[in-house]
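S.K.: My questions will all concern the structure given below.
The values are calculated or read from the model by the stated rules, or taken from the named source; none is laboratory data. Nothing here was measured: the structure is a model prediction, and the numbers come from that model. Neighbour counts are summed over all protein chains in view; Cβ atoms, including those assigned to glycine, are modelled from backbone coordinates with ideal geometry.
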Amino acid sequence: MCKFDLLIITTLKMKRILYLCLFLVLLQAGGAFAQAHLRVNAIINWPDTVYNGQILPIGATVENIGSATYQGPLQIILRTDSNIYSYIYYNQTTIWTILPGDTISFFPPGGYLFDGSVFRPGNNVVVVWPHSSQALTVDTATFTTFFINNQAQGIDDLTGIPGLSIYPNPAYDLAQIMSLEIRLESVRIFNSKGQLIKQEDLGSVYKMSLQIQDLPAGLYLLEIIGSGMHRASFRLMKQD
């Protein structure tokens, strides 16, 4: 074999070695770019309306939409539009494993307390996201709730009067309140700050006309008491 042939063979081997090294470098680089990417894709049992002091079984579902497995502790942070932070779930010791494409749900032990120090009266924009001490990408989720500042312990069912209806809504001068099964005994009206501004004792009726022409335009909460301690809450929009 001549020297020229040996040179060609040696050159081909060197190229193969270089290609192999380049492939290994690219493979390692691809592994370095693989990263977990977490997002909250659902909030479980999130209320449209809630009272100060209520404890509800709120939960958050976290999904890994990244290309790498997440493994480690995880907290779920909540922030309202007042920029006050709270935790739906807080645990720094439990190690969670979330594979790419998988989801896992987190619930606070004993439920989540809706506290007036976190929520302001009226509508709140609520932002929720997963938090980890590790460097990873996270996405937030946004929800809304109407927060009533007055304490209403034990009122967990905001539609506790079967067949209750209020119309029209929005209303201008009066709203009709009708119950199909439970007699109505009283109604209280709260403004967006949770302040009681009007109360009417109805006696015991299935239908009543609520006069609201003297109220300023805005959003109000009606708390309706029925016989047998039935209770329900509705939001009513008053228009001029």
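S.K.: Output the number of the condition that residue 126 fails; it satisfies all remaining conditions of (1) among the aliphatic types (A, V, I, L, M); (2) exposed (fewer than 15 other Cβ atoms within 10 Å of the Cβ); (3) part of a strand (DSSP E or B).
M.R.: Condition (2) is where residue 126 drops out.
S.K.: Then there is this: Among residues belonging to the stretch 172-184 that are surrounded by 19 or more Cβ atoms within 10 Å (Cβ to Cβ) and touching a strand residue (DSSP E or B) at 6+ places or on another chain (Cβ under 6 Å), point out the one that is nearest to residue 210 (Cα to Cα).
M.R.: Only one residue tops the list, namely 175.
S.K.: Could you tell me which numbered condition residue 230 fails, if it satisfies all but one of (1) surrounded by fewer than 17 Cβ atoms within 10 Å (Cβ to Cβ); (2) within 25 Å of residue 53 (Cβ to Cβ)?
M.R.: Unmet condition: (1).
S.K.: Got at least one residue in the stretch 208-222 being of a type in the set (Gly, Ala, Ser), crowded, with 18+ Cβ neighbours inside 10 Å, at pLDDT 85 or above and in contact with a Lys or Arg (Cβ under 7 Å, 6 or more places away or on another chain)?
M.R.: Step one: list which residues in the stretch 208-222 are of a type in the set (Gly, Ala, Ser), which gives 209, 217-218.
With the extra rule that they be crowded, with 18+ Cβ neighbours inside 10 Å, the set shrinks to none.
No, every residue in the stretch 208-222 fails to be of a type in the set (Gly, Ala, Ser), crowded, with 18+ Cβ neighbours inside 10 Å, at pLDDT 85 or above and in contact with a Lys or Arg (Cβ under 7 Å, 6 or more places away or on another chain).
S.K.: Follow-up. Pairs only if they're at least six apart or on different chains, beta carbon under 7 angstrom, first in the stretch 103-114 and farther than 13 Å from residue 90 by Cβ and in contact (Cβ under 8 Å) with a residue 40 or more places away in the chain, second among the charged types (D, E, K, R) and surrounded by 14 or more Cβ atoms within 10 Å (Cβ to Cβ); list them, first residue then second.
M.R.: Matching pairs, first to second residue: 103/63.
S.K.: Would you say residue 110 is of a type outside the set (Ser, Thr, Tyr), on the phi > 0 side of the Ramachandran plot, in a loop (DSSP other than H, G, I, E, B) and modelled with pLDDT of 85 or more? Break it down stepwise before answering.
M.R.: On the way: of a type outside the set (Ser, Thr, Tyr): yes; on the phi > 0 side of the Ramachandran plot: yes; in a loop (DSSP other than H, G, I, E, B): yes; modelled with pLDDT of 85 or more: no.
The answer is no for residue 110.
S.K.: Could you grab the pairs with beta carbons closer than 7 Å, sequence gap of 6+ or different chains, first residue in the stretch 72-88 and loosely packed, with under 13 Cβ neighbours inside 10 Å, second one assigned to a strand (DSSP E or B) and not polar (S, T, N, Q)?
M.R.: As it stands, the answer is 85/77; 85/79, since those pairs meet every condition given.
S.K.: If residue 83 passes every condition in (1) modelled with pLDDT of 95 or more; (2) at positive phi but one, which one does it miss?
M.R.: (1)
S.K.: Report the residue count in the stretch 218-237 for those that are free of Cβ contacts under 8 Å to residues at least 60 places away in the same chain and of a type in the set (Val, Ile, Thr). Even if it seems obvious, please write down each step before you answer.
M.R.: So in the stretch 218-237, the residues free of Cβ contacts under 8 Å to residues at least 60 places away in the same chain come out as 218, 220, 222, 225, 227-229.
So of that shortlist, the ones also of a type in the set (Val, Ile, Thr) come out as 225.
Result for the stretch 218-237: 1.
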